[in-house]
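No value in this document is a laboratory result; all are computed from the given coordinates. A quick note: this is a predicted structure, and the numbers were derived from the prediction, not measured. Note that each Cβ is placed from the backbone with ideal geometry, even for glycine, and that neighbours are counted across all protein chains shown.
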Amino acid sequence: MSDYTIIGSRMPRVDSRAKVMGKAKFTADLKLPGMLVGKIKRSPYAHARIINIDTSKALALPGVKAVVTGKDTEGVKWGVFAYTRDQQFLQTDKARYIGDEVAGIAAVDEETALKALDLIDVTWEEMPAVFDPMEAMASQTELIHEEYPNNINIHVNIDTGEVDENFKKSYYIREDTFTAPEESYFQAEPYAVVARFDHEECLEIWCPNGGPHMKSKPLSNSFKIPLHKVKVRRIAIGGAFGGRSEICPADYICALLAKKTNCPVKIEFTREENTIGTRQGHAMITTHKTGVDKEGKVLARETTCYMDGGAYSSTGPIATSVPFLSMEQVYRMGSVRYNGYRIYTNKPIRGMIRVHGRGFACGLDTQLDLIAEHLGIDPVEMRLRNSRQPGEYTGTKSYVDSCALDETIHKAVETSGWKEKWGKLPPFHGIGIGTNSVQTGFPMGIRGGSQSFIKFNEDGEATVMSGVVDNGQGNENMLVQIAAEELGLLPEDIHLVNADTETTSSDPGSYSQVSTFVGGQAVKNAAYNCKQKLFEVASKILKVAPDTLAAKNRMIFVKDNPEKCIPIKKVVRISLLNFTSVNAEGGYWPKVDMKREWVSNPYGQMCEAFSFGTTIIEVKVDPETGQVTVMNAVACQDVGKALNPLVLEGQFEGSVAMGGQGGMLTEYHEWKEGRCINTTMLDYKLPLACDMPPIKSIIVESIEPKGPYGAKEAAMSIAMSAAQAYSAAVNNAIGVYMDSFPLTPDKILSAIKAKKRLS
Amino acid sequence: MDKIDITLNINNKPFEVTVSPNDTLLEVLRDTLDLTGSKESCGEGVCGSCTVQMDGNPVRSCLTLAMEAEVANIKTVEGLANGDELSGLQQSFIDHGAVQCGFCTPGMLMTADALLHANPNPDENTIRKALGGNICRCTGYAKIVTAVAHASDPQDDCPDCKNGGKTKE
Amino acid sequence: MRLPKFEYLCPDTLDGALELLATHGQDAKILAGGTDLLVRMKKGLLRPIFIISLKALNELSYIKIEDGALKIGARTSIANIIASDQIQKQAPALYQACEKIGAATIQHYRGTIGGNILQDNRCHHYNQSQFYRSGRQACHKDGGKICYARDDSDRCNSTCQSDGATALTALDAQVVLAGKGYERTVNLTDFYTTDGIMPFAMDSSELLKEIIIPFSSGQSAYQRLAYRSAIDYPIVCSSVLLTPDTGKKKIAHARIVVGAMGRSPLFLAHESDSLKGKALDDTAAFRKAAHSSMNSAATFAVHNVGATLEYRCAMVSEMVFRALEQAARALKA
């Protein structure tokens, strides 16, 4: 039985009430007095030199308040790393993709702004563009960025040694190549930003974000104003999935327009802008060469991955690494060599989507199934023989503490009825398994830690301050649960102030799956410290030692004698009467190897904990149309500790939908010469309620020693493993191992036909 | 063209508004009347985030001219609760964890509310079909479907039907 | 997304509407449910000066039996079509097609059958935002001289993706077009221009008033393929009508129609005729007709509505076959 009151309960989320009443305010819902409408002029060409931008006609239009171009900027270039600063927020020399920002406009209303947009006269000189990463590397035409030869943005090389020797020792070696096109986030909320400069010349800004502090720094750099003058405010956020962590040029353009007009400005993206003007997931071509022994244990692997990075670097070094990291975490490999290349092309910018680099689209699990079949091993057994075990080090020297991967495999196998189904299903029915692992955090230097402040009010309620942001996954509820549990209060006694850079300390954000582990832990530590102050006061009143006390249900009581107690509210008031307010701070900094660097030194402790997940999917394929009906999904993850199973199940289910059903069956982008054809919700095929299978969620708790209450990353390992399970299930149903993702009906049908011809 | 004065009946209250012919109902709700619960996500009648009810039927307010909405009884997400008292469906969404980012929630609720009025005890397939035009990117729909099913028909074996708002002892 | 400006006209009577069309037809568009028109306007694909709303014309919303035919007012909502027992009984293909239109919340209450028939042809190079279409030459349908779907094509190859029109063509329906002071009835098969830019053979001063479905002793069926089971337009569809002979064992008449593969629903006369006299359970004949339908339809189609052309062509055969099987099954029952 759990010792906790609130942690581990199926507590409905604190933010739901406002959302079901339509009262929760998202950025586009904001209205400020005198607010103007902002719009962005984007390049209609994939690669074109800017000869001139004439804004005079636009400025002459009545109702237009300002037009900004690259000339109005400080010329600062943005990049996640010092060595990847390659993107201006308003281009001055040339545009590198269709959608690149060249000007911004602010007007009294939308109609005027749209009209003015057409009146901005840009003289372009079109240049040869390149859209395929392999062509880009060989291209003889002008580089997309001069400083990057062969259009290679990033090269990550990892070699754990003895790869060639181990290939020689291998019993069976095979090499396969897998391809996957780009995909997109399609957050429910299109991107929007509201900005204004207040009377103290502080920039106040609202926008969907994966971490307010990750927005404030680049804004402070761009405007050359101190950090305290950039106030990123909390606002409800309609989904992020990794697509809102970085600064968006619109943030800067909106703020620049606000500065120039001295009025608040709002920019709302169209769905098309959200698709091409934020980030996308990388297209990838991955080759795995894997050597195994007779029992199927992987002795050596060499993986080469070419990633289409689009026009700018974004989180390039991370994106180029993570596909590899996921596979090295989940499976043991005797030795491994990895070469990841991120290539510039004249297409929209690629960033992280759910995780960086889409490891699930690398085909590693498909190859594992191929090897298993060759050796006559069941895919489940194949995974168990290679699965990560607790207490081991990964190839790049990260220690894995808690790990219940095997348990997730066993439980998913049992619940799905794998043993009764594998090899025994009727034709065109299939079952497939995927396993994966995700990091709980990255080394993030001075921004890797989080700090929380807690103050008690005289009514016995507490205000909790935290930099953690909620993108929709339930982070705010998580913080409230932790604070209430730790302080002995009820959730309704907690007033949360979060995701506001003016009032909260630096925090890594809802980024790298670290909100609970780092931000939650900071709140837990602050609450613990605050509780000790309460105990000190209470101990004097109750005449016992502070360490004999506990707090629960708004009461402080003696652990061995609960009837000896005092309300927390009373303790707070007595403390105040003794000239001491009750407040505290607490923080958490993950112990990672600060010398680890993505490109120059990809070795050392990556993060403190890793999550592990298994998904099993059962499908039926229509052999005449290639259409897939998904019958069942079982999602099982080692989350360390489930702080709230209700919320967690929702994360698992969403992961199956986006990672599996969308990621592997229906979602991908189509192009015509650098123009993204399917930017809208009609043309980009997001999964629907009527097409989703029932999903069974199973939570495995390995209790991570370093996590808050034992918690670590939750649900991303489902998104990743679900994708693999979907493809494995289809492969099993049709008896063909597909090497081109996603598995659309046309590809499935071709595979079925090709197989028929052969047999 | 000139602006026109019309009356819209929204959540049982008449609102006199001045609109342009090219104003959509969604724009008038959000921009003129500050009823920002209805959301624009796709703007072309696909995603369902802007769904409101007209005479009890769910419709896309982004593809309905404000002028075409005159006379009808319009219900928006703001009209689901009775003051502070949530409707059973709203409470069920909360209790079953059907809300994540919450951006699709208002439209989802308006479609589901209309379904439950027409069919108080829909089975799972009926619910999934009825919600086919409301896209949610967060939930995988599982908890939304359960929330709709259990809104009118609470289940004894559902851990979330009864403990709404309460934490475990 | 903002609609462009227009003048809104809302006539009280059909005559009033026809009067307005006679005056403004060239510059006007009819607004029924708005689910197709308003999206195109938002994308700047058309900017009518006048919008003539059918909102007040309840007289165009009906389903009735008259003169041995089913008559449907053009403004009848898709919801009412689906709810109609008469249509389920007399024109199952139309029922099945309407069920698949859009998603329940889009189609049922605002969308109309007239609007579904008159939904404009689509092409993924054309149904795009103004921004998308900038920075490249305009295509035929957009007022230019090139086609992005088929290189070197001197005409527009946009595709008719109407579920309703495909089913109604199989049902041998007619449409009644009203102009100021006249009405004319046109077979749906003659209603198309084969010009993707303006696919319908009607004058801008005319209004689609009614759809007439002649009674048949046969059974109809509709099959379609799309990415998802709601929202999406069909990437290929087929509707058939099988009329039995008096003994009810053989096919006296067949109508095979393929949709979403050309500028209009494709009535395949040769394949239809091939089934004359065939037994209701002659699966081989169905397969053969379906295969031939694929070859016929393939000559019209271009890659412009999503899935690969090769796949869509292959699926014509399957959809036709399934529709034939379904109709035959219904006849045998």
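For region C:11-35, what are the residues that are buried (at least 20 other Cβ atoms within 10 Å of the Cβ) and assigned to a loop (DSSP other than H, G, I, E, B)?
Listed by number, the residues that qualify are C:ALA32, C:GLY33, C:GLY34, C:THR35.
Could you list all residues from region B:132-152 that are in contact (Cβ under 8 Å) with a residue 24 or more places away in the chain and in a helix (DSSP H, G or I)? Can you show your working first?
Start the filter on region B:132-152 by keeping residues that are in contact (Cβ under 8 Å) with a residue 24 or more places away in the chain, which leaves B:133-139, B:143-144, B:146-152.
Correct list: B:GLY133, B:LYS143, B:ILE144, B:THR146, B:ALA147, B:VAL148, B:ALA149, B:HIS150, B:ALA151, B:SER152.
If you check B:LEU80, B:LEU86, B:LEU109, which single one turns out to be facing chain A (nearest Cβ under 9 Å), surrounded by fewer than 24 Cβ atoms within 10 Å (Cβ to Cβ) and either in contact (Cβ under 8 Å) with a residue 60 or more places away in the chain or within 14 Å of B:ASN11 (Cβ to Cβ) (or both)? Steps first, please.
Working: B:LEU86 fails: either in contact (Cβ under 8 Å) with a residue 60 or more places away in the chain or within 14 Å of B:ASN11 (Cβ to Cβ) (or both); B:LEU109 fails: surrounded by fewer than 24 Cβ atoms within 10 Å (Cβ to Cβ).
Within the list B:LEU80, B:LEU86, B:LEU109, the selection yields B:LEU80.
When both residues are 6+ apart or on different chains and their Cβ atoms are under 9 Å apart, which pairs have a first residue that lies in region A:457-478 and is on the phi > 0 side of the Ramachandran plot, and a second that is in a strand (DSSP E or B)?
Every condition considered, the pairs that remain are A:GLY460/A:PRO567; A:GLY472/A:ALA236.
Name every residue in region A:367-413 that is in a loop (DSSP other than H, G, I, E, B) and touching a strand residue (DSSP E or B) at 6+ places or on another chain (Cβ under 9 Å), in order of residue number.
So in region A:367-413, the residues in a loop (DSSP other than H, G, I, E, B) come out as A:376-378, A:388-392, A:394-398, A:400-404.
Passing the criteria: A:ARG388, A:GLY391, A:GLU392, A:THR394, A:GLY395, A:THR396, A:SER398, A:VAL400, A:ASP401, A:SER402, A:CYS403, A:ALA404.
For region A:380-423, how many residues are under 30 Å from A:LYS591 (Cα atoms), buried (at least 17 other Cβ atoms within 10 Å of the Cβ), out of contact with any Gly (no Cβ under 8 Å at 6 or more places or on another chain) and small (Gly, Ala, Ser)?
Selection size over region A:380-423: 3.
If only one of C:LYS64, C:LYS71, C:LYS29, C:LYS42 is farther than 20 Å from B:ALA72 by Cβ, more than 9 Å from chain B (Cβ to nearest Cβ) and touching a residue at least 24 places away in the same chain (Cβ under 8 Å), which one is it?
C:LYS71
For region C:268-291, what are the residues that are touching a residue at least 24 places away in the same chain (Cβ under 8 Å) and either under 19 Å from C:THR169 (Cβ atoms) or in a helix (DSSP H, G or I) (or both)?
Selection gives C:LEU268, C:HIS270, C:GLU271, C:LEU275, C:LYS276, C:THR283, C:PHE286, C:ARG287, C:ALA289, C:ALA290, C:HIS291.
Out of region A:470-493, which residues are over 19 Å from the mean Cα position of the chain (by Cα), acidic (Asp, Glu), within 22 Å of B:ALA98 (Cα to Cα) and buried (at least 24 other Cβ atoms within 10 Å of the Cβ)?
None; the set is empty.
Does A:ALA733 satisfy being in contact with a strand residue (DSSP E or B) (Cβ under 8 Å, 6 or more places away or on another chain), more than 30 Å from A:GLY640 (Cβ to Cβ), buried (at least 23 other Cβ atoms within 10 Å of the Cβ) and among the hydrophobic types (A, V, I, L, M, F, W, C)? Spell out the reasoning first.
Numbers: in contact with a strand residue (DSSP E or B) (Cβ under 8 Å, 6 or more places away or on another chain): yes; more than 30 Å from A:GLY640 (Cβ to Cβ): yes; buried (at least 23 other Cβ atoms within 10 Å of the Cβ): yes; among the hydrophobic types (A, V, I, L, M, F, W, C): yes.
Taking the combined requirement at face value, the residue satisfies it.
A quick yes/no check of all residues on (1) closer than 23 Å to C:LEU188 by Cα; (2) more than 14 Å from chain A (Cβ to nearest Cβ):
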site: C:LYS248; (1), (2): no, yes
site: C:MET294; (1), (2): yes, no
site: C:ASN304; (1), (2): no, no
site: C:MET315; (1), (2): no, no
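Among the listed residues B:PRO58, B:PRO14, B:PRO21, which satisfies the condition of being touching a Phe, Trp or Tyr at 6+ places or on another chain (Cβ under 6 Å) and either away from chain A (no Cβ under 11 Å) or crowded, with 19+ Cβ neighbours inside 10 Å (or both)?
B:PRO21
When you scan region C:313-323, how many residues do you find that are within 18 Å of the chain's Cα centre (by Cα) and of a type outside the set (Gly, Ala, Ser)? Explain how you work it out, then say what you get.
Filtering region C:313-323 for residues within 18 Å of the chain's Cα centre (by Cα) gives C:316, C:319-320, C:323.
Right, trim to of a type outside the set (Gly, Ala, Ser) and you get C:316, C:319-320.
Final tally of qualifying residues: 3.
Need the failing condition index for C:SER238 against (1) assigned to a loop (DSSP other than H, G, I, E, B); (2) crowded, with 18+ Cβ neighbours inside 10 Å, just the number.
That leaves (1) as the condition not met.
What is the number of the single condition among (1) aromatic (Phe, Trp, Tyr); (2) out of contact with any Gly (no Cβ under 6 Å at 6 or more places or on another chain); (3) closer than 23 Å to C:ASP163 by Cα that C:TYR62 does not meet?
(2)
Scan region A:281-290 for residues that are surrounded by 24 or more Cβ atoms within 10 Å (Cβ to Cβ) and either over 27 Å from A:SER43 (Cα atoms) or touching an Asp or Glu at 6+ places or on another chain (Cβ under 7 Å) (or both) and report the count. Break it down into steps so the answer makes sense when it comes.
Keep residues of region A:281-290 that are surrounded by 24 or more Cβ atoms within 10 Å (Cβ to Cβ), which gives A:281-284, A:286, A:290.
In the following step, the residues that additionally are either over 27 Å from A:SER43 (Cα atoms) or touching an Asp or Glu at 6+ places or on another chain (Cβ under 7 Å) (or both) were identified as A:281-283, A:286, A:290.
Qualifying residue count for the region: 5.
Counting only residues that are farther than 17 Å from C:LYS43 by Cα, hydroxyl-bearing (Ser, Thr, Tyr) and surrounded by 22 or more Cβ atoms within 10 Å (Cβ to Cβ), which one in region B:24-49 is nearest to the other protein chains (Cβ to nearest Cβ)?
Selected residue: B:THR36.
Could you please find all residues in region A:493-510 being under 9 Å from A:ARG233 (Cα atoms) and of a type in the set (A, V, I, L, M)?
The answer is A:ALA499, and nothing else.
Residue check, C:ASP151 against (1) within 13 Å of chain A (Cβ to nearest Cβ); (2) closer than 30 Å to A:ALA116 by Cβ; (3) surrounded by fewer than 21 Cβ atoms within 10 Å (Cβ to Cβ), all met but one. Which one?
Result: C:ASP151 passes all but (2).
Counting only residues that are more than 8 Å from every other protein chain (Cβ to nearest Cβ), among the aliphatic types (A, V, I, L, M) and either without any contact (Cβ under 8 Å) to a residue 60 or more places away in the chain or farther than 30 Å from B:LEU109 by Cα (or both), how many does region A:686-706 have? It would help to see each step written out before you state the result.
First, the residues of region A:686-706 that are more than 8 Å from every other protein chain (Cβ to nearest Cβ): A:693, A:696-706.
If we keep only those that are among the aliphatic types (A, V, I, L, M) as well, we get A:698-700, A:703.
Okay, now just the ones that are also either without any contact (Cβ under 8 Å) to a residue 60 or more places away in the chain or farther than 30 Å from B:LEU109 by Cα (or both), so A:700, A:703.
Number of matching residues: 2.
For the subset of region B:61-77 comprising residues that are surrounded by 20 or more Cβ atoms within 10 Å (Cβ to Cβ) and of a type in the set (D, E, K, R), which member is nearest to C:CYS10 (Cα to Cα)?
Result: B:GLU68.
Restricting to region A:1-60, count the residues that are touching a Ser or Thr at 6+ places or on another chain (Cβ under 8 Å), part of a loop (DSSP other than H, G, I, E, B) and polar (S, T, N, Q).
Number satisfying all stated conditions: 3.
So A:GLY662 passes all but one of these: (1) surrounded by 24 or more Cβ atoms within 10 Å (Cβ to Cβ); (2) in contact with a Ser or Thr (Cβ under 6 Å, 6 or more places away or on another chain); (3) more than 7 Å from chain B (Cβ to nearest Cβ). Which condition number does it fail?
Answer for A:GLY662: the failing condition is (2).
Can you find a residue in region A:617-625 that is surrounded by fewer than 23 Cβ atoms within 10 Å (Cβ to Cβ) and within 8 Å of another protein chain (Cβ to nearest Cβ)? If you could, list the steps in order and put the result at the bottom.
The first filter runs over region A:617-625 and keeps only residues surrounded by fewer than 23 Cβ atoms within 10 Å (Cβ to Cβ), leaving A:620, A:622-625.
If we keep only those that are within 8 Å of another protein chain (Cβ to nearest Cβ) too, we end up with A:624-625.
Scanning region A:617-625, I find at least one residue that is surrounded by fewer than 23 Cβ atoms within 10 Å (Cβ to Cβ) and within 8 Å of another protein chain (Cβ to nearest Cβ), so the answer is yes.
Restricting region A:1-28 to residues that are among the hydroxyl-bearing types (Ser, Thr, Tyr) and facing chain B (nearest Cβ under 7 Å), which is surrounded by the most Cβ atoms within 10 Å (Cβ to Cβ)?
Narrowing region A:1-28 to residues among the hydroxyl-bearing types (Ser, Thr, Tyr): A:2, A:4-5, A:9, A:16, A:27.
From what's left, facing chain B (nearest Cβ under 7 Å): A:5, A:9, A:16.
On the way: A:THR5: 19, A:SER9: 22, A:SER16: 25.
Out of the qualifying residues, it is A:SER16.
Could you list, in sequence order, the residues of region A:657-684 that are among the aliphatic types (A, V, I, L, M), within 26 Å of A:ALA725 (Cα to Cα) and part of a loop (DSSP other than H, G, I, E, B)? Give the steps one after another, and end with the answer.
Here is the first cut: in region A:657-684, the ones among the aliphatic types (A, V, I, L, M) are A:657-658, A:664-665, A:677, A:681-682.
Still in the list and also within 26 Å of A:ALA725 (Cα to Cα): A:657-658, A:664-665, A:681.
Listed by number, the list holds a single entry, A:MET681.
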